[in-house]
């Protein structure tokens, strides 16, 4: 129950005017009082209060109320005021006679008006008419006629309406007329309402939010406060979120009541406003709603009076809040709502509204059946994808598929959608890929290849693999060879003894001519560690050929990885950059993540943990590790662990090591990578026993797959190192010799040099000689990480033997190779070795060239990088400056050092590096 006086809270000025009208009536003075305002502002409550006041004073009171159901019934309100006409035989006859009368402006008597005026002389009368906006035209004409006859008659007319009151524009004679427009409640009145309804000790923020959220509408405020009071809480600032939710619900209910009290044309306009009022101005909204011409004139005023709308910029009209919009749309049948959205989208398209806004309309609309709708949705989906809004992009593309499309358009659009769904709905994407793969049309060969390529780049679920196997028998020519290559590329990374699909797919030929099969075969040979020259030739062939086969990503990525194992890392790096550009252009996030992870692995091998760190971070952004397929997730995590380890980020290393392992990955090549990475962390932490277990487990998985190439994972030499630390020298030598034999069979210098380094680490005799051999071999290789390791091992041996002069150039070389990333683990070890030389670094530098100490810090760092062989562009990237800045710094350094250019600078830096590893 509402507290006493709450509906009239803040309406004291209006009550005074009404009381004066009632008091004047007792003195036989006529009066007219109109109450107008927004729905819920208390017009009817004030009329009821005035009626009660008149009845208490013994005045005659006649009341009526307009309703939507009687707005077309002639003299319906007059009948409420006076009862059925007395001069008819019956009420039915009265209705028939009244209904047969002409329009309001016709000639003829006004029923009961004369009798009312006559009887009012004997007993002053108060007429109260509520909801005047719903009066039928005849009753309104009758009431206006009464007002014109008021001078001298003891009658007071009180009328309330939502919106303007068309009643007393001009009156002859001395009649008191008061036109009252009800305002919203002010802050003080809202505060009083909060105290009255909720009790307790109100707080300022709570009251301010109540006023702002309800917009001072008494009906909404009272309803919301009553609901809040029912929760049993006090009106405290901490309860503001709860209050906002309650106000939103009360506002929505108010909208429902207002909708049920509006004529159909106004409801139609409100629905149009809910759909596109924020996109189109009011005249276009009315065009969409199509109201009858006779209603258009006062529609805007009617809608604003409901409290559901408010003026917008220019001539626009807006709904007052999202809860109102939601309730307006909820009241519509689903088919009508879809049709309205469709018509709104067509109108917005003709009005040249932005694609994103038209797409928002199309998402809820029925199919349009026009080509422009598909184009708009595709463009909006692409824009959303660039903004990293994958949910909206997927929604736009899925909606585009509901439009009429030919088979080829539908297939390519499905592929685009499946590539986007890799983040939000990967299983749905796999089903789309499988559906395209199973399409039988001959002209969809390109789409089928693209589907297989993208699906396997994500990992290749069983659904996709089965669909790929089903598609192979019907494939012909280049499509068949490319699908075969893609299938075997997926199989190269897994091992499943129960797999029943393998016998249905032809094997890869030994020397394929197809670009796709060449890439797959190159990777297969690289994993097996066989025929280095053929592997290189096939890997390069993967990048040649027609666009359909040569344009597939997975075979070319496999070729890049084969080139990395073959020590052609510069070429592989260029090709990986090309693949990354293509994957990003096509928004293929899974493929981009694969490429970036592979490039990070390559940069780590090249001794560039800074670039590798950048790559793995970009791979995580392209496709977070939580969305990676179990076939690829362990490999990605292994690369991240090794990058963190070599960069010296122990915190990140520990966090990655603590992540749970997917059980499904252990019988895969990626699982072996993860075991190997874990083992290297254990070796760094001084845990050889744990490391041996992990390394042997990784080896078992690779041997099960028959991948024996040590260039992939040198697990034998690392296990030998751990065995040597535990004193198991015989096993250490066996593993080292086995790796060296396999590396020599493969023939890549980096693999051979790493194996020689492994033997040198565990050798009991001639250790320095073996390490020197490893250094010579690795100097010609592109695997700088292995080369750096060999240099440091040899430098340590030389220092241990007291051969300081032999160690100095080795340490200088390590310092040169690690200067670009001084925070890395190799750089830290290089600094430790330099300290063992026993020479004060700064004094050594000054003795070699006193002017070096005169350089500023930025000049010294820039000059060092230039002396180490880096170009100006690379130095600018490393130091985050422009190339012009690099040029100016080098020019200043040359003048201070009194040298002519880079050649002298290079000699100076190489000479000083072994003594001052911090010069960079």
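Taken as a whole, the structure places residue 685 among residues that are more than 20 Å from residue 490 (Cβ to Cβ) and either out of contact with any helix residue (DSSP H, G or I) (no Cβ under 7 Å at 6 or more places or on another chain) or at pLDDT 95 or above (or both). Residue under question is residue 680, and the condition is that it be free of Cβ contacts under 8 Å to residues at least 12 places away in the same chain, part of a helix (DSSP H, G or I) and closer than 24 Å to residue 529 by Cα; does it hold? No, not satisfied. Taken together, the residues in the stretch 351-373 that are buried (at least 23 other Cβ atoms within 10 Å of the Cβ) and not in a loop (DSSP other than H, G, I, E, B) amount to 6.
So, residue 176, is that one closer than 28 Å to residue 59 by Cβ, modelled with pLDDT under 85 and in contact with a helix residue (DSSP H, G or I) (Cβ under 8 Å, 6 or more places away or on another chain) or not? When the stated conditions are applied, residue 176 passes them.
Restricting the stretch 179-192 to residues that are in contact with a helix residue (DSSP H, G or I) (Cβ under 6 Å, 6 or more places away or on another chain), assigned to a helix (DSSP H, G or I) and touching a residue at least 24 places away in the same chain (Cβ under 8 Å), the residue that is surrounded by the fewest Cβ atoms within 10 Å (Cβ to Cβ) is 187. Checking the stretch 553-570 against the condition returns a match, with at least one residue being part of a helix (DSSP H, G or I) and over 28 Å from residue 752 (Cβ atoms).
The single condition from (1) within 17 Å of residue 158 (Cβ to Cβ); (2) modelled with pLDDT under 90; (3) touching a helix residue (DSSP H, G or I) at 6+ places or on another chain (Cβ under 6 Å) that residue 67 fails is (1).
Each row is one residue, and each column tells you yes or no for (1) part of a helix (DSSP H, G or I); (2) crowded, with 24+ Cβ neighbours inside 10 Å.
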| site | (1), (2) |
| --- | --- |
| 707 | no, no |
| 722 | yes, yes |
| 739 | yes, yes |
| 743 | yes, yes |
| 750 | yes, yes |
| 753 | yes, yes |
| 761 | yes, no |
| 770 | yes, no |
| 775 | yes, no |
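Counting only helices (runs of 4 or more DSSP H) wholly contained in the stretch 206-322, the ones carrying 3 or more residues that are out of contact with any helix residue (DSSP H, G or I) (no Cβ under 7 Å at 6 or more places or on another chain) and surrounded by fewer than 16 Cβ atoms within 10 Å (Cβ to Cβ) occupy 240-260. Of all residues in the stretch 7-46, those being touching a helix residue (DSSP H, G or I) at 6+ places or on another chain (Cβ under 8 Å), in a helix (DSSP H, G or I) and either modelled with pLDDT of 90 or more or surrounded by 19 or more Cβ atoms within 10 Å (Cβ to Cβ) (or both) number 9. For the stretch 327-340, what are the residues that are touching a helix residue (DSSP H, G or I) at 6+ places or on another chain (Cβ under 7 Å) and assigned to a helix (DSSP H, G or I)? Residues satisfying the conditions are 327, 328, 329, 337, 340.
Only a single item in (1) assigned to a loop (DSSP other than H, G, I, E, B); (2) modelled with pLDDT under 90 is not met by residue 197, and it is number (1).
The values are calculated or read from the model by the stated rules, or taken from the named source; none is laboratory data. Remember, it's a predicted structure, so these values are computed and weren't measured experimentally. When we count neighbours, we look across all protein chains shown, and the Cβ atoms used for this are built from the backbone with ideal geometry, even at glycine.
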